[in-house]
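Since the structure comes first, as structure tokens, the remarks are kept for the end.
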Amino acid sequence: MANNIVTFGLKNVHYAKAKLENGKWTYETPKELKGAQEFSSDIIGGSTPVYADDQVVATLNQNAGRTISLKVTEVSNEFKVDILGYKKLENGNFVEVNNAPVVTFALALEFQGDVKARRVWFFLCTATPISESTKSNTDSVEANSVTINISARPIEASGGYFISHQIAQKGDSNYDTFFASVPELPTIDGE
């Protein structure tokens, strides 16, 4: 099957709370996060050339995960409670708890492509508190958006490999159930 030449679009954002039990990460059933507008990720790390004898003799690479920026139309109250540590009061109000424990979760999303769609799970994510803003209506109305800043760190998979995310493409055996089931670490065959 041919590969994509271009990718576009963003939809099917999901998250699943993670818990470390007996040295192993487990995940709750994924929940959808509606209103995705924009996604970007950058590597944490980079490469450093090593010089000797007036030339580059080696390159040291470091990949400590990714920083993710996810822009949504609105952050759901469910995500605020599950991931950001908000509490719902008896009267229905929500409060941001500044000293709430950091919650680890998996994040999933889907890109479209000119040939086939691609779905991704990032396994060990944490989110920073969100910033919100709004402005007065003028002669036109502009929708607000909220950016969620996320760190996705590596997790150890089989064979001693450290991974940050897994990609399924349309046609893969797990593509149709990729968001519906609990995220599972892949089994990586040794070389």
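The values are calculated or read from the model by the stated rules, or taken from the named source; none is laboratory data. All figures in this text were calculated on a predicted structure; none of them were measured in a lab. Neighbour counts are summed over all protein chains in view; Cβ atoms, including those assigned to glycine, are modelled from backbone coordinates with ideal geometry.
Structural remarks
- Residue check, Thr147 among the polar types (S, T, N, Q) and under 20 Å from Ser40 (Cβ atoms): yes
- Residues located in the range 42-74, provided they are among the polar types (S, T, N, Q) and modelled with pLDDT of 90 or more: Gln55, Thr67, Ser69, Thr73
- The residue that is surrounded by the fewest Cβ atoms within 10 Å (Cβ to Cβ), counting only those in the range 105-134 that are among the basic types (Lys, Arg) and under 24 Å from Tyr161 (Cβ atoms), is Arg118.
- Matching entry among Val102, Val95 (being in contact with a Leu (Cβ under 8 Å, 6 or more places away or on another chain), exposed (fewer than 14 other Cβ atoms within 10 Å of the Cβ) and more than 24 Å from Tyr175 (Cα to Cα)): Val95
- Checking Trp121 against (1) of a type outside the set (Ser, Thr, Tyr); (2) in contact with a His (Cβ under 8 Å, 6 or more places away or on another chain); (3) at pLDDT below 90; (4) not in a loop (DSSP other than H, G, I, E, B), the condition it does not meet: (3)
- All positions within the range 119-146 that are within 20 Å of Val182 (Cβ to Cβ) and either of a type outside the set (Ser, Thr, Tyr) or more than 24 Å from the chain's Cα centre (by Cα) (or both): Arg119, Val120, Trp121, Phe122, Phe123, Leu124, Cys125, Ala127
- Inside the range 56-91, residues that are part of a strand (DSSP E or B), under 20 Å from the mean Cα position of the chain (by Cα), on the phi < 0 side of the Ramachandran plot and surrounded by 12 or more Cβ atoms within 10 Å (Cβ to Cβ) make up a count of 9.
To keep it simple, each residue is scored yes or no on (1) in a strand (DSSP E or B); (2) out of contact with any strand residue (DSSP E or B) (no Cβ under 9 Å at 6 or more places or on another chain); (3) buried (at least 18 other Cβ atoms within 10 Å of the Cβ); (4) of a type in the set (Gly, Ala, Ser).
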site	(1), (2), (3), (4)
Ser136	no, yes, no, yes
Asp139	no, yes, no, no
Ile148	yes, no, yes, no
Gly159	no, yes, no, yes
Ile167	yes, no, no, no
Asn174	no, no, no, no
Thr177	no, yes, no, no
Val182	no, no, no, no
Asp189	no, yes, no, no
